[in-house]
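Okay, structure first, notes after.
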């Protein structure tokens, strides 16, 4: 099941979306991006391309975590990266983990 929350990490600063490897749940990315873009009063130009870029980062091997933030007059979308150790039932991240900025939208 997909989940979106403000997270315990930087409460109020980021919105997190965690997606399992089910391709059918990729549409959740578009819903989150559209909602945050509307909140930031960003136009729809480039919205479809931004969603496609984020959907392309969705893993079919394990959980994918996205992080969104509203900064000044724009939206920043990031994907969690790191070495993944694919286990039998799940994917565990091994080694250094970080966030890669995939999309920046401004009004």
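The values are calculated or read from the model by the stated rules, or taken from the named source; none is laboratory data. From a predicted model like this one, the values you see are computed outputs, not experimental measurements. Glycine gets a Cβ as well: all are built from the backbone with ideal geometry, and neighbour counts include every protein chain shown.
The table for this structure:
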quantity	calculated
Segment 13-31, subset surrounded by fewer than 14 Cβ atoms within 10 Å (Cβ to Cβ) and either under 13 Å from the mean Cα position of the chain (by Cα) or part of a loop (DSSP other than H, G, I, E, B) (or both), residue modelled with the lowest pLDDT	13
Number of positions in segment 35-54 that are touching a residue at least 40 places away in the same chain (Cβ under 8 Å) and either out of contact with any strand residue (DSSP E or B) (no Cβ under 8 Å at 6 or more places or on another chain) or under 14 Å from residue 106 (Cβ atoms) (or both)	8
All positions within segment 32-83 that are in a strand (DSSP E or B) and over 15 Å from the mean Cα position of the chain (by Cα)	71, 74, 83
Check on residue 10, surrounded by fewer than 16 Cβ atoms within 10 Å (Cβ to Cβ), at pLDDT below 95 and in contact with a strand residue (DSSP E or B) (Cβ under 6 Å, 6 or more places away or on another chain)	no
Boolean, residue 100 is surrounded by fewer than 17 Cβ atoms within 10 Å (Cβ to Cβ), modelled with pLDDT of 90 or more and part of a strand (DSSP E or B)	yes
